[in-house]
Amino acid sequence: MLRRRIPIADYHRLSSMSDENGHEYLNSYLLTGHWPIGACRPPADNEHIGNLACWVSGTGPDDSGQKLMTLSKPIKIVSIIVVALAVLLAAVIIFIVTFDWNRARPFINDKVSQATGRTFAIRGDLKVAFSRGLETEPGWRRYVPRPRISAADVHMGNPDWSGVGPDMVSAGRVVVALHPLALLSKRAVLTDVELEAPNVALERRIDGRNSWTFKQDDKDDKPSAWSVEIQRLAFADGKLRYLDEAIALDLKADVASIAGESNLAAAPAANQSIPKFGLRFDLGGTYRKAPIKGSGKAGALLQLEDEKTVYPVQASAALGKNRIAVDGTLTDPRSLSGIDLALSLGGDSMANLYPLTGVLLPETPAYATRGRLLGKKNGDNWDWTYRDFTGTVGGSDLAGTLEYLTRQPRPLLRGALTSRQLRLEDLGPTIGADSNESKKARDKAPVQPEGKAVPVEQFNPEKWGALDADVKFTGKKLVRTHDIPLQDIVAEIHMKDRVLTLTPLDFGMAEGNITSNISLDGRQRQIEAQIRLAARHLKIKALFPKVQSMQASFGEVNGDAALTGHGNSVAAMVGSANGEISAVVTEGSVSEFILEAAGLNIANAVFVKLFGDKQVHMNCLASDFKVTNGRADVRRFVLDTDDALVEVSGNVDAAQEKLDLDIRPRTKGPRVISLRTPLYAKGTFADPDVGPYKGPLALKAGAAIALAAINPLAAVLPLVNVSRAPDANCGAAIAESEKTRAAPKAPATKAPAKPVTDGDVKRAQQAK
């Protein structure tokens with residue numbers, strides 16, 4: 001094909017003419033080499049611009065050719081730029097690989113120190129190589145080559161205020177893969193960090209400052225414009241110390257590789273399978289002044305780029321007098337936003353958990369528990385859930401779920417607990433009823449004075465302000481050592497601003513049910529206590545389970561009480577109580593032997609023992625007590641049967657723990673031999689003394705002896721009872737007691753207990 005060289009100026013002149021003429025002149029020139037007549041020839045000096053001429057196809061300068069000429073210029077420019085950049089990049093890579101980076105250490109040390117506000121020094125050999133990105137990185141970023149820096153003997157200083165040592169981190173060798181593009185936004189993104197023989201010392205002050213946030217030493221200066229992000233961290237054979245004033249923790253760990261399970265260089269950037277455990281560690285230090293000693297295992301590689309990353313950990317330790325073992329995961333290790341651990345915990349007493357939890361727990365027998373512990377970061381604090389746990393305290397069992405939630409002004413403990421069996425001897429410490437023998441077994445000084453039955457151990461209401469609580473407890477059985485067991489216990493425990501309420505506290509007793517509401521106000525120096533109680537359908541025979549002759553008895557006891565007291569022990573509250581107590585039995589039967597023995601009808605008692613017992617029909621029992629400053633005065637106590645009338649007077653003084661009761665049985669028919677005489681109940685709660693008054697009994701016995709000297713048969717006459725007691729007015733007696741039962745009165749308190757209604761009683765019975 002014929003090609004001709006056209007000066008560029010001529011070509012542009014032809015192109016600027018009309019399409020028809022321009023094409024004609026151009027074709028003529030291309031075919032003949034001469035300009036057509038009439039053509040406007042370019043200046044002759046343009047003949048000398050051949051260096052700018054272009055080759056044009058013989059088909060002429062049509063539109064497509066013009067566009068081709070127009071597009072070719074930017075394409076060439078872009079091509080030149082790309083080639084130049086490639087050459088430059090190759091030169092940079094060659095420079096980086098071949099350059100002796102040890103010459104740059106002073107410059108790097110200075111720049112890092114300025115950027116972080118800390119002393120930084122690379123004291124050993126410094127090398128740089130290249131590697132590709134992580135397989136876990138999205139899109140094209142994984143293909144961007146990044147420098148892999150290896151530095152020996154590296155030191156990063158702590159801030160001046162730190163007390164854990166001059167270096168925050170030091171290591172025999174540090175290998176870092178750096179993402180180059182992030183540097184453009186003043187972000188140092190370290191996709192891989194490997195530490196050999198690291199020594200890490202981190203600290204957080206109570207004012208919130210921490211040593212791992214890079215700021216200038218002067219607190220008035222602005223924070224550094226640079227930020228550091230670590231995506232993967234691997235380490236082995238080092239030491240770690242973490243001092244946290246906010247939670248009173250000083251933790252120390254010696255870390256070593258598990259042989260055959262940890263190889264830091266095996267997969268520096270690839271998405272390679274990592275063993276579950278690659279490190280082992282030994283623990284020491286203190287937590288809330290309690291010593292820590294233990295060991296465990298953990299993963300060798302920390303994946304930090306994803307907030308959902310979990311890190312495996314397994315450990316067992318002694319924390320103070322408690323034993324603890326965990327096995328589970330930590331979520332987002334860079335900020336530790338979550339914890340999911342199988343937890344086992346045990347010790348000599350739950351009171352020893354105070355240094356661990358900060359929650360006041362009572363002195364108890366040995367305890368053990370196992371469950372799932374979940375922790376979730378809530379700002380600077382943590383919310384905790386102990387889920388589906390089981391545990392024992394002494395011979396008692398407990399199970400359920402508890403939550404500890406960070407709230408203002410106080411944290412909240414809430415949950416639901418269940419138990420198959422609780423023993424009072426295990427729970428006694430929670431109400432100060434721990435025996436001196438139990439205290440001695442746990443190396444605690446005895447508190448309960450000899451001869452005192454009501455617990456005197458002090459509560460500390462000031463510590464009640466540590467938290468609020470909403471906990472529901474359901475128990476199948478409460479075993480009391482010498483008393484009637486309790487069944488079907490339901491308690492809703494509420495604590496708010498040092499006011500503890502049990503609304504309700506329900507339990508089964510003697511085949512009946514007791515419903516109560518209790519309030520303990522700990523906002524003042526001495527606790528103000530109030531209880532309102534309703535007892536329904538308590539079976540007489542079940543009230544005396546160890547008296548065989550009562551097992552054929554029938555009848556039910558129904559009673560109500562309202563009491564208010566104050567003090568920081570059960571003894572003080574009972575000893576200062578004021579209020580009313582009332583109980584009635586409308587109809588039933590009791591053992592004749594019990595009545596005869598109470599009346600000292602010896603012959604009938606012997607007869608019953610030899611030939612059996614029979615039941616005596618009970619017409620009624622009505623009782624009513626007025627309680628003042630701990631002393632319960634009998635306002636009314638009448639027991640009326642077909643065979644006898646028993647009346648009781650006197651008082652029970654809880655403040656002094658003394659009894660002073662007169663029991664006057666009056667038979668309704670003759671007895672062959674009767675030593676009938678008034679009885680007394682005196683002494684103390686711990687050592688009661690019950691028996692007949694000696695005066696009347698001695699007179700009868702003396703008369704019998706005198707007559708026996710005359711005639712042995714005459715001696716029987718003083719012992720024969722021929723009087724007849726009148727029937728009690730059961731209707732009137734019960735009516736008076738029912739007035740008290742309907743609304744027993746107690747002095748008001750600032751946090752009164754809720755009255756027990758018929759609806760409350762009905763719900764308790766239905767729940768049972």
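Observations on the structure shown:
- Identity of the residue in the range 505-532, among the charged types (D, E, K, R) and part of a loop (DSSP other than H, G, I, E, B), that ends up surrounded by the fewest Cβ atoms within 10 Å (Cβ to Cβ): Arg525
- Candidates Gly415, Gly432, filtered to the one that is modelled with pLDDT under 80 and on the phi > 0 side of the Ramachandran plot: Gly432
Quick grid of which residues meet (1) crowded, with 16+ Cβ neighbours inside 10 Å; (2) farther than 24 Å from Ala622 by Cβ; (3) modelled with pLDDT under 80; (4) among the aromatic types (Phe, Trp, Tyr):
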{"position": "Gly669", "(1), (2), (3), (4)": "no, no, yes, no"}
{"position": "Leu679", "(1), (2), (3), (4)": "yes, no, yes, no"}
{"position": "Ala708", "(1), (2), (3), (4)": "no, yes, yes, no"}
{"position": "Ala728", "(1), (2), (3), (4)": "yes, no, yes, no"}
{"position": "Ala732", "(1), (2), (3), (4)": "no, no, yes, no"}
{"position": "Arg741", "(1), (2), (3), (4)": "yes, no, yes, no"}
{"position": "Lys745", "(1), (2), (3), (4)": "no, no, no, no"}
{"position": "Ala753", "(1), (2), (3), (4)": "yes, yes, no, no"}
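- Residue in the range 140-148 that is in a loop (DSSP other than H, G, I, E, B), at pLDDT below 90 and under 27 Å from Ile93 (Cβ atoms) present: yes
The values are calculated or read from the model by the stated rules, or taken from the named source; none is laboratory data. Every value quoted in this text rests on a predicted model; they were computed, and no experiment measured them. With ideal geometry, Cβ positions are generated from the backbone for all residues, glycine too; neighbour counts draw on all protein chains shown.
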